[in-house]
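Q: Dropping a structure here in structure tokens format, bear with me for questions.
The values are calculated or read from the model by the stated rules, or taken from the named source; none is laboratory data. Keep in mind that this is a model prediction, so the values were computed, not measured. Note: ideal-geometry Cβ built from the backbone for every residue, glycine included; neighbour counts use all protein chains shown.
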Amino acid sequence: MLDMPEEIEAKFTAAAQARGVPLSDYVRDFIVEHYQEAADDVRTAQERVTDPLPGITSDQLRSSLGLDG
């Protein structure tokens, strides 16, 4: 098993018991789910870097918000 702080292991153990699954299955599913979320975030960031949206100037922003005087 993974070496983790006792407090975190206790939380994982309680969550696994509440779901009626072995601790190892719960931890595996947790890691896979959170890895997938992180991978999706990285993919989105990479897409935005390679194809950024056009920016606007501060004057354009002020005008669009009705702040130009």
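Q: What are the residue pairs meeting all of these: first residue in the range 46-57, first residue in contact (Cβ under 8 Å) with a residue 12 or more places away in the chain and aromatic (F, W, Y), second residue exposed (fewer than 10 other Cβ atoms within 10 Å of the Cβ) and part of a loop (DSSP other than H, G, I, E, B), Cβ atoms under 9 Å, and 6 or more apart or on different chains?
A: Hits for this filter: zero, empty list.
Q: Looking at L53, is it in contact with a Leu (Cβ under 9 Å, 6 or more places away or on another chain) and at pLDDT below 90?
A: No.
Q: Here's something else I'd like to know. What are the pairs, 6+ residues apart or on separate chains, where a residue within the range 1-17 that is closer than 16 Å to D29 by Cα and without any contact (Cβ under 8 Å) to a residue 12 or more places away in the chain has its Cβ under 8 Å from a residue that is part of a loop (DSSP other than H, G, I, E, B) and not aromatic (F, W, Y)?
A: Matching pairs, first to second residue: A16/P22.
Q: Given the structure, is T13 hydroxyl-bearing (S, T, Y) and at pLDDT below 90?
A: When the stated conditions are applied, T13 does not pass them.
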